[in-house]
1. Please go through region 1-23 and pick out each residue that is in contact (Cβ under 8 Å) with a residue 60 or more places away in the chain, crowded, with 20+ Cβ neighbours inside 10 Å and over 10 Å from residue 51 (Cα atoms).
2. May I ask you to say which residue of 77, 91 is touching a residue at least 40 places away in the same chain (Cβ under 8 Å) and either of a type in the set (Phe, Trp, Tyr) or surrounded by fewer than 16 Cβ atoms within 10 Å (Cβ to Cβ) (or both)?
3. Residues of region 3-55 being on the phi > 0 side of the Ramachandran plot and out of contact with any His (no Cβ under 6 Å at 6 or more places or on another chain), which ones?
4. Tell me, which strands (runs of 3 or more DSSP E) lie completely within region 43-92 with 1 or more residues that are in contact with a Pro (Cβ under 7 Å, 6 or more places away or on another chain) and over 11 Å from residue 24 (Cβ atoms)?
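The values are calculated or read from the model by the stated rules, or taken from the named source; none is laboratory data. The model shown is predicted, which means the values in this text are computed figures rather than measured ones. Ideal geometry is used to build each Cβ from the backbone, glycine not excepted, and the neighbour counts take in all protein chains shown.
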Amino acid sequence: MGQPQRLNAWVHGHVQGVGFRWWTRSRALELGLVGYASNQADGRVHVVAEGPPEALDALVAALRSGETPGRVDLVVEDFASARGDHAGFVER
């Protein structure tokens, strides 16, 4: 496994009020990731996760899988060095 990284993913679509953050938290915990998923005022969900690159790639694939609650139209992601400022994965 590679060095821990940080994922910032902006999820566009009908992703609020449908259990999307809970679903994302469940996937992230299954993958051993830490971070959060938060609703944004513009209707997007912002996902911040840290962990091994392979697990982050798996989370992005899950977000794009078509098996999420609601409807995902677009996922815009970027990766950076992990900061180590999270414990667990929470819904905000």
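1. Result: 9, 11, 21.
2. 91
3. Once the filter is applied, which keeps residues that are on the phi > 0 side of the Ramachandran plot and out of contact with any His (no Cβ under 6 Å at 6 or more places or on another chain), region 3-55 yields 13, 17, 19, 32, 43, 51.
4. Counting at least 1 such residues, we get 45-51.
To keep it simple, each residue is scored yes or no on (1) at pLDDT below 95; (2) of a type in the set (Ser, Thr, Tyr).
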site	(1), (2)
2	yes, no
12	no, no
20	no, no
24	no, yes
34	no, no
46	no, no
51	no, no
55	no, no
